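In what follows, a structure is listed as structure tokens, so that the remarks can point back to it.
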Amino acid sequence: MIKKIGVLTSGGDAPGMNAAVRAVVRTAISKGMEVYGIRRGYMGLITGDIFPMDERSVSDIIHRGGTVLYTARCPEFRTAEGVAKAKAKCDELGIEGLVVIGGDGSFRGAADLSAQGVLCIGIPGTIDNDIACTEYTIGFDTAMNTAMEMVDKLRDTSQSHDRCSVVEVMGRGAGHIAVNTGIACGATDIITKEVAYDLDAIANTMLEKKSKGKQNFVVIVAEGIGHAQEIATALQEKTHIESRATVLGHVQRGGSPTVRDRVEATRMGYYAVELLEQGIGNRVVGVNKGELVDYDIQEALSMQKPYDVKLHKIAEQIAF
Ligand code: ADP
Ligand code: F6P
């Protein structure tokens with residue numbers, strides 16, 4: 001029976017990470033385990049920025065964005081020496097199991113530490129929803145809702161000025177935030193790297209729509225494509241419709257998590273501790289058809305995430 005576990009958040013933060021930390025801490029305590037909080041991801045594990053947590057350590061955080069454990073990117077942990085230091089710190093404190101809340105990079109680190117004998121469980125936490133082994137990642141829903149609210153506001157001013165608003169949303173290499181926000185905001189066009197696009201064709205359809213009475217336009221651009229300003233400039237040149245670019249940026253990573261993020265984070269945190277309780281490590285928690293499942297970390301990292309091309313096509317088809 002595992003007696004002591006640690007929990008850390010790593011990589012980009014995401015709303016709902018606090019709910020996951022809370023669930024991990026309280027589940028572990030309810031099962032008679034001791035829990036250590038590790039600050040700033042793997043950095044804290046290497047430097048020893050580690051503190052004991054009790055049930056009150058996670059009071060009043062379920063509704064807060066960000067992560068109370070802080071997060072960081074830690075290049076040293078990518079080296080064998082870094083992993084060895086982290087393992088030595090775990091041994092020193094008697095930490096036998098570790099819950100890592102983060103993305104694919106963080107899971108690679110968790111696999112390295114698992115290989116050294118620390119039982120690691122990954123919980124997918126990233127606004128991008130770009131982790132292949134799971135239908136859902138913590139933070140995705142909140143980020144999309146934030147993006148939707150921002151685009152709704154842009155639409156107000158775009159409509160008043162008969163303009164085209166080109167909005168870049170986050171998602172590193174993936175268009176999941178873009179396609180869902182685009183649908184939710186009734187975007188005229190969605191540009192992601194997963195579906196081929198042609199600016200001349202987009203400009204032509206904008207002009208066709210304008211000729212039928214449409215006066216304002218919203219184009220959602222995924223971060224992976226980038227160049228929102230260049231796209232706005234090109235569309236303005238091609239259509240003579242006044243266009244403005246907005247990059248939403250890190251605002252999408254903040255804010256109070258939605259119900260979905262709090263619930264999924266709590267379920268995943270609970271599940272992760274259940275795995276550790278059984279002496280299971282080197283796994284990533286995922287959602288499959290709504291149910292929680294877990295995968296070997298290497299297997300999880302080798303999976304490919306499908307993009308919802310159908311959703312993209314629906315958006316295009318009904319954007320009159
Ligand atoms: P995310 O977890 O959101 O994908 P990163 O890719 O920045 O974010 O990874 C977070 C941290 O995980 C890195 O700073 C590093 O400490 C660790 N990490 C990332 N990639 C690896 C790797 N290939 N091997 C070991 N550790 C890694
Ligand atoms: O992975 C989450 C994310 O917000 C991506 O959407 C974005 O590309 C990246 O992190 C930004 O990272 P940083 O915080 O380093 O600017």
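Placing R0 at 41 angstrom, the Cβ-Cβ distance between HIS240 and ASP308 gives a FRET efficiency of 0.80 after rounding to 0.05.
Of all DSSP beta bridges confined to the range 11-151, the antiparallel ones make up roughly 35%.
Between the helical axis of 259-277 and the longest alpha-carbon principal axis of the chain there is an angle of about 30 degrees.
Report, in whole Å, the centroid distance computed from the Cα atoms of the range 191-255 and the range 152-166. Spelled out, the Cα-based centre of one part sits 12 Å from the other. Axis of helix 104-115 versus longest Cα principal axis of the chain: the two differ by about 20°, to the nearest ten degrees. Close amide H partners of VAL221, meaning residues 5 or more places away or on another chain with modelled amide H under 5 Å apart, are VAL167, GLU168, VAL169, ILE191. Under the classification rounded if a/c is under 1.5, otherwise prolate if a/b is larger than b/c and oblate if not, where does the range 1-76 fall, given a ≥ b ≥ c as square roots of the Cα gyration tensor eigenvalues? Oblate, because a/c is 1.5 or more while a/b does not exceed b/c. Helix 17-30 versus the longest principal axis of the chain: what is the Cα-based angle in degrees, 0 to 90, to the nearest 10? So the inclination is approximately 30 degrees. Annotation note: trypsin sites (Lys or Arg not before Pro) in the range 1-72 located in DSSP loop regions with a Cβ neighbour count of at most 12 within 10 Å are LYS3.
Antiparallel beta bridges, as assigned by DSSP with both residues in the chain, represent about 25 percent of the total such bridges.
Label separation (GLU55 vs ASP162): 6.5 nm, computed from points 7 Å beyond Cα along the C-beta direction. Apply 1/(1 + (r/R0)^6) to the Cβ-Cβ distance of LYS153 and GLU291, taking R0 = 41 Å, and write down the FRET efficiency to the nearest 0.05. Plugging the Cβ-Cβ distance into 1/(1 + (r/R0)^6) gives 0.65.
In this structure, the amide hydrogen of GLY6, modeled 1.01 Å from its nitrogen in the peptide plane, lies closer than 5 angstrom to those of TYR36, GLY97, LEU98, VAL99, counting only residues at least 5 positions away or on a different chain.
Spin-label model, ARG108/THR79: points 7 Å from Cα along the beta carbon direction are separated by 1.6 nm.
Taking 0.36 nm per residue of sequence separation and removing the Cα-Cα distance, the GLN298/ASP91 pair yields an extension gain of 72.1 nm.
Spacing of the modelled spin labels on SER30 and PHE320, each 7 Å from Cα toward Cβ, amounts to 5.2 nm.
With the helix formula -39500 (n - 2.57) applied to DSSP H stretches of n ≥ 4, the chain reaches a computed 222 nm mean residue ellipticity of -13000 deg cm²/dmol.
Each value in this text was obtained by applying a stated rule to the coordinates, not by laboratory testing. Keep in mind that what you see is a predicted model, and the values were worked out from it rather than measured. Note that we place each Cβ from the backbone using ideal geometry, even for glycine, and neighbour counts take in every protein chain shown.
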